[in-house]
Amino acid sequence: MKTRGVLYIAYGDLFVKEALYSAESVKAQCPDLDITMFSDRMVDSPHIDDCKIISVSHLRSKIDYMDQSPYDLTIFLDTDTVVNHNIEDMFEILETFDLVAAHDLSRKRKKYSASIPEYGRIPYAFSEVNTGVLAYRKSEHTNKLFKRWQEYFYKYFHTCPWDQPSFRVSSWECCKEGLQMYILPVEYNIRSKANREKQRKFHHEFGDEHLKPRIYHMHADSINQGKYDVDSLQQIFDFCKENFMEY
């Protein structure tokens, strides 16, 4: 068992090619970091330290193999990631937590809340996480998480062929049973403008409350300077809508 490294799961010409560019970006920022690829073919690349052949039966094959990482501490990356900074500090988080993840723009989908009871019962505030950027350590809790993820994914496969709703259910249940999960800052999983626009386009599938701002947190510069030029609460809301970041 190796101590720590990055894992890719890639199959087919296009995904493998994409993964190799991602691995190249990892090596550029973390040159000493070990990288393993699980693939449907042997991959020979200076950016891959080890390759293991897997059998691929569906698009979300990572669900079946993430628990077989050769590392004690693993950073799993989807093939469409590009690393722009050293990410080895994620391993330090794993000294305290079992699992490290980043929130996804899909928080809680109305569409699957209706068809997956376990999903629908979870509070909106417990967002889906993006399963394309994960870090985890081998432990009883993560073993249980991956096993349960597989169970829920296949249970609802015909209802929901995506992997994140079943991961949301599994991580919620496992956190209640002792799994320690840490949520990364957004800079560890920057999404495209097109991805954000997709949320708007399919808003009817997510529900009216999806990505609705809950709390605005205003910086107190004006008060610190001895002034507060506000005459109504509506004026504050208008200011926030115009000046605040949108996630």
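Enumerate the strands (runs of 3 or more DSSP E) found wholly within region 1-68, keeping only those where 3 or more residues are at pLDDT 95 or above and hydrophobic (A, V, I, L, M, F, W, C).
Qualifying strands (runs of 3 or more DSSP E): 2-10, 35-39.
Quick check: anything in region 212-231 in contact with a helix residue (DSSP H, G or I) (Cβ under 9 Å, 6 or more places away or on another chain) and within 18 Å of Asp104 (Cβ to Cβ)?
Yes, region 212-231 contains at least one residue that is in contact with a helix residue (DSSP H, G or I) (Cβ under 9 Å, 6 or more places away or on another chain) and within 18 Å of Asp104 (Cβ to Cβ).
Pairs under 7 Å by beta carbon, first residue open to solvent by 90 Å² or more (accessible area, probe 1.4 Å) in region 225-247, partner part of a loop (DSSP other than H, G, I, E, B), six or more apart or different chains?
Close Cβ pairs satisfying both conditions: Tyr247/Leu211.
Could you tell me which numbered condition Leu211 fails, if it satisfies all but one of (1) out of contact with any Lys or Arg (no Cβ under 7 Å at 6 or more places or on another chain); (2) not in a helix (DSSP H, G or I)?
(1)
So Val169 clears everything in (1) closer than 13 Å to Tyr182 by Cα; (2) among the aliphatic types (A, V, I, L, M); (3) out of contact with any strand residue (DSSP E or B) (no Cβ under 7 Å at 6 or more places or on another chain) except one condition, right? Which one?
Checking Val169 against (1) closer than 13 Å to Tyr182 by Cα; (2) among the aliphatic types (A, V, I, L, M); (3) out of contact with any strand residue (DSSP E or B) (no Cβ under 7 Å at 6 or more places or on another chain), the one that fails is (1).
Of all the residues that make up region 137-191, how many are open to solvent by 30 Å² or more (accessible area, probe 1.4 Å), among the aliphatic types (A, V, I, L, M) and more than 17 Å from Leu73 (Cα to Cα)?
Number of matching residues: 2.
Sort out which residues of region 98-118 are open to solvent by 50 Å² or more (accessible area, probe 1.4 Å) and either modelled with pLDDT under 95 or part of a helix (DSSP H, G or I) (or both), and write them in order of number.
Once the filter is applied, which keeps residues that are open to solvent by 50 Å² or more (accessible area, probe 1.4 Å) and either modelled with pLDDT under 95 or part of a helix (DSSP H, G or I) (or both), region 98-118 yields Lys110, Lys111, Ala114, Pro117.
The values are calculated or read from the model by the stated rules, or taken from the named source; none is laboratory data. If you're wondering where the values come from, they're calculated on a predicted model, not measured in any experiment. For neighbour counting, all protein chains shown are included, and Cβ atoms are generated from backbone atoms with ideal geometry for every residue, glycine included. What goes into the accessible areas is simple: the full protein's heavy atoms, side chains included, and nothing from ligands, DNA or RNA. Shrake-Rupley method; radii C 1.70, N 1.55, O 1.52, S 1.80 Å.
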